[in-house]
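Working notes for the structure below.
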Amino acid sequence: MKQQLVLIIGFLFYGISNAQPQPGYWQQQANYKMDVEVNTKNYQYKGTQEIEYSNNSPDTLKQLFIHLYFNAFQPGSEMDVRSQTIKDPDARVGSRISKLKKDEIGFLEVSTLTVNGSKTKTTLSGTVLEIQLSKPIAPLSTSKIQLKFEGQVPKQIRRAGRNNKEGIALSMTQWYPKLAEYDDQGWHADPYIGREFHGVFGNYDVKIELDNSYTVAGTGVLQNPKEIGHGYSSAKVIHKKGKKIQWHFKAENVHDFAWAADPNYVHDIVPFEGGKELHFFYKNENKYLENWKKLQPLALQLMQYYSNNIGAYPYPQYSIIQGGDGGMEYAMCTLITGDRKFRSLVGVTAHEMAHAWFQHILATNEAKYEWMDEGFTTYISNNAENKVLQLNKDFPNEGSYNSYFRLATSDHEQPQTTHADRYNYNFAYGVSAYAKGAVFLDQLEYIIGGDNLKKTIRNYYSQWKFKHPKPNDFKRIAEKVSGIQLDWYLTDWTATTNTIDYGIRSVEAIKKETNIVLERLGNMPMPIELEVNFTDGKQQMYYIPLPIMRNEKEIAKNTKLLKDWAWAYPTYSFKIDVAKEQIMSININPTKKIADSNPLNNIYNK
């Protein structure tokens, strides 16, 4: 009885302390301590790791899984073979992995591993280490995982690696043994084939020892700045060549730890509200200096925009780091390439910074719901760039709509519920995740109204930050905010390849009135806004509700509300008390917010 009481109290405390969004919600936690020593001559490293793993689930765990991502960068790996067999390979990868020499490959090996002091049986399966536990981990208990590991940094291929095309020495992402996530859907031990990631929230205490000529940037807050110098502190530190120093970082409530290092980094710090800081790390070369200096005030504006429109940034700092192979988000930082025109540098920063909210704070499972991260990030970063760069676009996400149309009218589209690694074409994955995901939000604004969408995003962040939300979690918040039922929208848009296609079938004169007949040609339903322009220069807007919404958005006072149009009826007609000759044009989709795949039949002209 005493043990049961302890478990009950523990469960209640966990729920209260994590502000669970609904009764019965739980999630795991993994706190890491790592000590790593890096040899910058042969690009190998070794380390020890201790994970305090809290099994907050109601399940007894008989096995664990650990990601060893660097094993992907070896000839014959799943990433290598997939890159060579997919019909439109990523040009950054192509056949490059297959050509790596022994001293250029990546590897990550675990030499010893114990769980609660007991040895375990392990099986290596590519980029995943399978662990069979001699003693199962009980529900609502905490275990200690201890291991030693060795690795080699691969030649820079994708995201991680050494000596990228801009000369950054080390881009250390997905570099350490990382515990797989376990949730109400089970284990998420996906092999690293080339797509996205998922991780367990926790606290990181990481010590990295390497040659003292290198400046280190990345996740967390440096704990020993006076000892280090390198732009973190004004203290004068004498660094003798060849001598190693230890960098000590801590990060709380993150699900990843990334870092980069180079002996030629410039390090700038820009403060922003609440005593927080933006850090910039970039090569000390003339072709980079001007753009990276100009970027800093705009990055500050972007940070403010996201804090205002999503929610306050919760960590003490954020770092923008030159490295990697394009742009990729990590906890409290991003790695981006810097050899860009200024507009491109702002664009990649805007996008990757927005990921700090949608991926590293909200933290959806990108392998399953990549569009909730990439798409939401694209939507908000397009709007942010429009504001910060004063582009004054009326339709900032129009490019995403156009990309979606190219996919929807091809024969390559797959449902957004497709696992990120299972797309037949990289093109289809990219458009589905980024563009179609952005259209999901922009079109939702059309359905529920702009103010309701803004409130939905802020409520979504407030209720689900640090908690791995799923699509239905977002939908339910939008429903509660707007009072509109949206299951049809989530289902049709994400679980099918149904398209939207409404058209004007006929415009007929009936004495001094005009009868307008519309038709539904696509399988996806949508409420309709209709604009009628008259020969005298006047205009009238009409709104046709969709009954399965069980409500409708607030419409402008000068908009006329018509009767519902149920999806099963292929046509819809209504009369207006104006003669046909007085009508100049009719437009089904005047705002272009409906992703109608065939706009040619949307317009009638006199």
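Key figures
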read-out	value
Cα shape, region 238-339, gyration tensor, a/c 1.5 rule	oblate
Dipole of the chain, positive direction: furthest Cα of 242, 549, 118, with charges on the beta-carbon	242
Cα gyration tensor shape for region 363-403, rounded if a/c is under 1.5, else prolate or oblate	oblate
Neighbour-limited loop hits for trypsin sites (Lys or Arg not before Pro), region 451-521 (at most 16 other Cβ within 10 Å; DSSP other than H, G, I, E, B)	511, 512
Pair residue 98, residue 536: separation of 7 Å Cα→Cβ label points (nm)	7.2
Principal-axis tilt of helix 436-448 within the chain, Cα atoms, nearest 10 degrees	50
Translational D in µm²/s for region 527-606 (Stokes-Einstein at 20 °C, 1.002 mPa s, Kirkwood Rh from C-alpha pairs)	156
The chain: angle of helix 471-482 to the longest principal axis, Cα-based, in degrees nearest 10	50
If the convex hull is drawn through the Cα atoms of region 392-477, its volume per residue in Å³	123
Between region 70-91 and region 527-606, the alpha-carbon center distance in angstrom	49
The chain - convex hull of the alpha-carbon atoms, volume per residue in Å³	169
Rounded FRET efficiency, nearest 0.05, which uses the C-beta distance separating residue 243 from residue 497 and R0 of 51 Å	0.30
Inverse mean reciprocal Cα-Cα distance (Kirkwood Rh) of region 420-569, Å	17.6
Value of [θ]222 nm, deg cm²/dmol, for the chain, DSSP H segments ≥ 4, -39500 (n - 2.57) each, nearest 500	-8000 deg cm²/dmol
Pairwise label distance in nanometres, residue 119 with residue 339, each label 7 Å out on the Cα-Cβ vector	5.0
Cα gyration tensor, region 44-91 - rounded (a/c under 1.5), prolate or oblate	oblate
Dimensions (Å) - region 112-259, Cα atoms, principal axes, largest first	51, 33, 27
Cα-centre dipole for the chain with unit charges at Cβ (Lys and Arg positive, Asp and Glu negative), debye to 20	900
Rg/Rg_ref, region 300-365, where Rg_ref = 2.2 N^0.38 Å and atoms are Cα	1.07
Angle between the chain longest axis and helix 342-358 axis [Cα atoms, degrees, rounded to 10]	80
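Coordinate-derived values only; no laboratory data. Since the structure is predicted, the reported quantities are computational estimates derived from the model, not experimental observations. We place every Cβ from the backbone using ideal geometry, glycine too, and count neighbours over all the protein chains shown.
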